[in-house]
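Everything below concerns the one structure shown next.
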């Protein structure tokens, strides 16, 4: 190894803060960051860039570009990276835990109290939450279609993905994303933007390669281990890890992936799944904490607190492994036209995957009457036209559905 290679493999500037400082900053964000990943990035900018000056504007924009390029929950990845930049590995863990635990605890409590809703009043409330899911997923499809399928080739990829998911089920979701990336190599090569980061996280290339190797070993090795050992705990970890590893284009894309993993095997009922997803729109923090609700609400053991912890850790882990693994190579990877083209195709495909999920199971399970249709459409317009905060839409639709259900 020559001097230049040794310098590239050596950790860089030491962190400037402490894990305690990072935890306090992100706990504030975890308690107040409503509105989804795009809104979270705005909260982060105000608190960490403008006020605390942990990173400059250019560096923050570069970091967002990287996290949007990778699978996983983009806002949580940005928060994890900011904690890593500020206070090293302990800072990264502090950032994730403080930003994630408030909403995860709320959803865990809701899951454990779900039996209290087994009455006419509770059923009306749960139906309202399912209508919230219709409005929120429709908004996500609308927004993602405008930004990720702006031309005919990418619109065609999204349409093909809808057909694949419709006729091939869970396998069609993975196939659609993979084939979307392949189609992007041929159809989406224009408009490449180069990103040249203005920051360093002190991660060596060998450490990055180790994280990428662990990511791949878990993704492809866990199914083999599960089939050999027949452990429900490992099966649960594998299901949520795989879902977290395949989320391209936004947190809402995790909905069809999780539905395939936990509803189809009968671990969680479809009604409970959609009700929990509706509640997840009313809490601050990342949408991926929906996994804590699902883990707690499982029928087979482990469930409750153990199921919530396993599911929560498993769904976030792949995104963080990919982020740490990619950071030392991002300056070079981001300039490759083929990498950018493949991501454009994959992102277009996830629009189709989410569009298929909007119909089944979201629409077919929630919109049962003309009143349901009117309420769901009202929620969609509140979100898209009047830009109402999601928690307000949750309250209004849940209350309205309850009134009509009890009438």
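The values are calculated or read from the model by the stated rules, or taken from the named source; none is laboratory data. In this text the structure is predicted, and so the values were computed from the model without any measurement. Here the Cβ is made from the backbone with ideal geometry for all residues, glycine too, and neighbour counts use every protein chain on show.
Any chance the stretch 230-243 includes a residue that's at pLDDT 90 or above, surrounded by fewer than 22 Cβ atoms within 10 Å (Cβ to Cβ) and over 17 Å from residue 313 (Cβ atoms)? Within the stretch 230-243, none of the residues are at pLDDT 90 or above, surrounded by fewer than 22 Cβ atoms within 10 Å (Cβ to Cβ) and over 17 Å from residue 313 (Cβ atoms).
Read through the list (1) modelled with pLDDT of 85 or more; (2) surrounded by 15 or more Cβ atoms within 10 Å (Cβ to Cβ); (3) part of a helix (DSSP H, G or I), then give the number of the only condition that residue 361 fails. Of everything listed in (1) modelled with pLDDT of 85 or more; (2) surrounded by 15 or more Cβ atoms within 10 Å (Cβ to Cβ); (3) part of a helix (DSSP H, G or I), residue 361 misses just condition (1). Residue 49 falls short on exactly one of the conditions (1) in contact with a helix residue (DSSP H, G or I) (Cβ under 6 Å, 6 or more places away or on another chain); (2) touching a residue at least 12 places away in the same chain (Cβ under 8 Å); (3) farther than 30 Å from residue 356 by Cβ, and that condition is (2). Residue 392 meets each of the listed conditions (1) within 18 Å of residue 36 (Cα to Cα); (2) at pLDDT 90 or above; (3) part of a helix (DSSP H, G or I) apart from (2). Quick check: anything in the stretch 330-351 without any contact (Cβ under 8 Å) to a residue 24 or more places away in the chain, over 30 Å from residue 162 (Cβ atoms) and not in a helix (DSSP H, G or I)? No: the stretch 330-351 contains no residue that is without any contact (Cβ under 8 Å) to a residue 24 or more places away in the chain, over 30 Å from residue 162 (Cβ atoms) and not in a helix (DSSP H, G or I).
For the stretch 49-62, the count of residues that are within 20 Å of residue 289 (Cβ to Cβ) and surrounded by fewer than 21 Cβ atoms within 10 Å (Cβ to Cβ) is zero.
Residue 358: over 30 Å from residue 62 (Cβ atoms) and either free of Cβ contacts under 8 Å to residues at least 60 places away in the same chain or in contact with a strand residue (DSSP E or B) (Cβ under 8 Å, 6 or more places away or on another chain) (or both), yes or no?
For residue 358, the condition - over 30 Å from residue 62 (Cβ atoms) and either free of Cβ contacts under 8 Å to residues at least 60 places away in the same chain or in contact with a strand residue (DSSP E or B) (Cβ under 8 Å, 6 or more places away or on another chain) (or both) - is not met.
Exactly one residue out of 207, 272 is within 29 Å of residue 67 (Cβ to Cβ) and touching a helix residue (DSSP H, G or I) at 6+ places or on another chain (Cβ under 8 Å), and it is 207. When the stretch 364-380 is filtered for residues that are over 21 Å from the mean Cα position of the chain (by Cα) and either surrounded by 15 or more Cβ atoms within 10 Å (Cβ to Cβ) or closer than 15 Å to residue 283 by Cα (or both), the ones remaining, listed by number, are 365, 366, 367, 371, 372, 373, 375, 376, 377, 378, 379.
Condition test on residue 220, is it at pLDDT 90 or above, out of contact with any helix residue (DSSP H, G or I) (no Cβ under 7 Å at 6 or more places or on another chain) and closer than 27 Å to residue 356 by Cα? For residue 220, the condition - at pLDDT 90 or above, out of contact with any helix residue (DSSP H, G or I) (no Cβ under 7 Å at 6 or more places or on another chain) and closer than 27 Å to residue 356 by Cα - is met. Counting only helices (runs of 4 or more DSSP H) that sit wholly inside the stretch 198-307, those with at least 1 residues that are over 15 Å from the mean Cα position of the chain (by Cα) are 205-229, 232-245, 270-280, 290-297. Report whether or not residue 116 is modelled with pLDDT of 90 or more and in contact with a helix residue (DSSP H, G or I) (Cβ under 9 Å, 6 or more places away or on another chain). Criteria not met by residue 116. Here residue 142 meets each of (1) farther than 30 Å from residue 360 by Cα; (2) within 20 Å of the chain's Cα centre (by Cα); (3) at pLDDT 85 or above; (4) surrounded by fewer than 18 Cβ atoms within 10 Å (Cβ to Cβ) with one exception, condition (1). Being within 25 Å of residue 184 (Cβ to Cβ), surrounded by fewer than 22 Cβ atoms within 10 Å (Cβ to Cβ) and touching a helix residue (DSSP H, G or I) at 6+ places or on another chain (Cβ under 8 Å) is a property that does not hold for residue 317.
Selection over the stretch 52-61 of residues that are touching a helix residue (DSSP H, G or I) at 6+ places or on another chain (Cβ under 8 Å) and either modelled with pLDDT under 90 or under 23 Å from residue 325 (Cα atoms) (or both) gives a count of 5.
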